[in-house]
Structure formats: C-alpha cells, structure tokens
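Novice: Have a look at the structure that comes next, please.
All of the numbers you see were taken from the coordinates with simple rules; none came from a lab. These numbers come from a predicted model, not from an experiment. Quick reminder, even Gly has a Cβ in these numbers, built from the backbone with ideal geometry, and neighbours come from all protein chains shown.
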Amino acid sequence: MLVHPGYDPVALQIGPLAIRWYGLMYLVGFALAYGLGRLRIARGRGDGVTREIFDDVLFFAVLGVVLGGRLGYVLFYKLGYYFAHPAEILAVWQGGMSFHGGFLGVLVALWWVARKYRLRWLVLTDFVAPLIPLGLAAGRLGNFINGELWGRITDVPWGTVFPHAGAEPRHPSQLYQFALEGLALFVLLWLFSARPRPVGAVSGLFLVGYGVFRFVAEFFREPDDFLGLLALGLSMGQWLSLPMILAGIAMLAWAYRSPTTAAAGKR
C-alpha cells in the first residue's frame, strides 16, 4: 500500500496570486502541443498548415478547451446544480472541467480556423490530433498532484491512500489515464501520422484510441459521487466515450473507402 504525498495544490504563492499545479499542467500541455506542431511543420508534415495558421489554431484551441471544458462539465455532469446556481458557472477556480466538453470546444475552434483559411476541416483535425495526448497526460498528472479524481478501492500492491478519500487504498487511476490516454495514445498517433494517410484517418484513430483507453480506465476510476454509475453499470465518462469510438470507426472506414490526400484537401 502506498500513501499519496499530499502535495500542496499551490505550486507558487506570490502575495495574493496563487499559481496552482493544475494550471501549470495546462500551460505545459499547450507548450508541448505548440512544440510538436512546429516540429511537424518543420519536417514537412504540416499538410498545408503553416506557422501562421498553427498560431491561430493554438489561440482558438485554448479558448475551446477552457470554454468547452467548463460548459461540458456544467451540461454533462451537474446541470441541475448550475441551473439553480447560474452565477457559479463562471467560477472555474472552484474546479470542474470536462474533457469531452473541451474536445467539442476544440472541434468548433478548428472549424473556425479551417473556414478562415479555406482548409478542409478534417485536414486540420488530422494535423492537431497527434498533438493532443501529451497535453492530456499533463492534465492527468495535475489530477494526481492534486489528489483528485482518484480510483476505486483496491487491494493491488500499488493501491494508494488519497487525502479526503478515506483510509482504504485506491487505484491511482489518474496515472493509468496518464499512461493510456497520454503516453500510449501519443505514441500510437505520432507513429501512425508519420506516414501519409487518407484525410480523416488520423482523426478517426484519435477518436477510437481515446475512447477505448478512457472506457477501460473508467473501470478503475471512482465514479463521481453526485452521479454514481449509470445504465448498464457504466460511468458518465464511459457513456460519453462510446459515441467517440463509434464515430472514429465510421471515420476510419470512410477515410479508407474513399481516400483523399491532405494535399487535395484545400477548398
């Protein structure tokens, strides 16, 4: 059995300004995405995405992640509560972000940039997909540092006692998600996208890969106490991942049935 170190969620305090680990992990995630994107462009794997376009992508993606993540949490997880307390919707410092909401926010941001530069939307999503997993890994590491979103009770040797989660050891599910949704998905997408693929194939693989990895990890993660398990004993995270998996399979089938290259993807 292990005991969580109980890290202070505040990484640095400068007077009234508190810089939190979780916020730093967001910055790390965006920095990694930016560095990887510039690397892909420098290696000639931009597929029509220039540095100027990528700068716009990053700016609007940040907005999409923050706004979509917050609104997704409100709509998917605690709609009744926020309907009764609408002023707290903007209180992001209290916590509460949804990956699936942030993902939808990024899709909208990419649609806007694609429209601005007259690119096919899927060309842009194919470029961005391999840049996302390391940011997800950083976020899950932030969850572990904060001692939040812990796993279910377990008797495995690496079971961890988390602050505010009782005395029973639990799966460190944040680290499982760090390894699966972060590192494993990054390796899968980075290698897959290293060679030319039909338009939509990389995006489809992202949807399938993330959906499957998240679905599996949710079996070890403690369900939200205000929701519990839903129909068929599945969590909200699993139900939200199923449409991603199905959409990804359909997108891969479509991409390889009528393959087009990224070079032909400009409108």
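Novice: So the label point goes 7 Å from the Cα of residue 190 along Cα→C-beta, right? Which residues of region 18-33 then have their backbone N under 14 Å from it?
Specialist: 32-33
Novice: Next question. On a 0 to 90° scale, report how tilted helix 51-76 is relative to the longest principal axis of the chain, with both axes built from alpha carbons and the result rounded to the nearest 10.
Specialist: 40 degrees
Novice: Rank the residues 47, 56, 225 as a footprinting-exposure proxy: fewest other Cβ atoms within 10 Å of their Cβ go first.
Specialist: With the sparsest Cβ surroundings first, the list reads 225, 56, 47.
Novice: Exposure proxy check: 197, 51, 118 ranked by fewest other beta carbons within 10 Å?
Specialist: The fewest-first ordering by Cβ neighbours comes to 118, 51, 197.
Novice: Starting with the highest mean, order 235-243, 17-25 by the number of other Cβ atoms within 10 Å, averaged over the residues of each peptide.
Specialist: The peptides rank, most packed first, as 235-243, 17-25.
Novice: List, in order, the whole-Hz ³J(HN,Hα) value for each residue of region 122-134 obtained from phi through the Karplus relation with A = 6.51, B = -1.76, C = 1.60 and θ = phi - 60°; use x for Gly and Pro.
Specialist: Each residue of region 122-134 in turn: 5, 4, 6, 5, 5, 5, 7, 3, x, 8, 7, x, 5 Hz.
Novice: Between region 202-259 and region 106-124, what's the alpha-carbon centroid distance in Å?
Specialist: 23 Å
Novice: With θ set to phi - 60° and the Karplus curve 6.51 cos²θ - 1.76 cosθ + 1.60, what are the ³J(HN,Hα) couplings of region 232-247 in order, to the nearest whole Hz, using x for Gly and Pro?
Specialist: The phi angles translate into 6, x, 9, 7, 4, x, 6, 5, 6, 7, 4, x, 5, 4, 5, 5 Hz.
Novice: Amide H neighbours of residue 11 under 5 Å, at least 5 residues apart or on other chains, H built in the peptide plane: list them.
Specialist: 19, 20, 21
Novice: What is region 1-102 by shape, rounded, prolate or oblate, if you read a ≥ b ≥ c off the alpha carbon gyration tensor as root eigenvalues and call it rounded for a/c under 1.5, prolate for a/b larger than b/c, and oblate otherwise?
Specialist: It comes out oblate by the Cα gyration axes.
Novice: Still on this structure, please answer the following. Return one quarter of the surface area of the convex hull spanned by the alpha-carbon atoms of region 99-178, equal to its mean projected area, in nm².
Specialist: 6.3 nm²
Novice: Taking H as built 1.01 Å from N, whose amide H comes closer than 5 Å to the amide H of residue 119, not counting residues under 5 places away?
Specialist: Correct list: 267.
Novice: Can you tell me the 0 to 90 degree angle between the C-alpha axis of helix 99-117 and the longest principal axis of the chain, rounded to 10?
Specialist: 20 degrees
Novice: Of all DSSP beta bridges in the chain, what percent run antiparallel (nearest 5)?
Specialist: 80 percent
Novice: Another question, then. I need the shape label for region 67-218. Rule: rounded when a/c is under 1.5, else prolate if a/b > b/c, else oblate, with a, b, c from the alpha carbon gyration tensor.
Specialist: oblate
Novice: Search the structure for amide H atoms under 5 Å from the amide H of residue 170, placed 1.01 Å from N in the peptide plane, and list their residues when 5 or more places away or on another chain.
Specialist: Distant-sequence amide H within range of residue 170: 154, 160, 161, 162.
Novice: Next question, about the same structure. Whole-Å semi-axes of the chain's equivalent ellipsoid, largest first, each the root of 5 times a Cα gyration tensor eigenvalue?
Specialist: Three semi-axes, in Å: 32, 21, 19.
Novice: If we count other beta carbons within 10 Å of each Cβ, what is the order of 58, 122, fewest first?
Specialist: 58, 122
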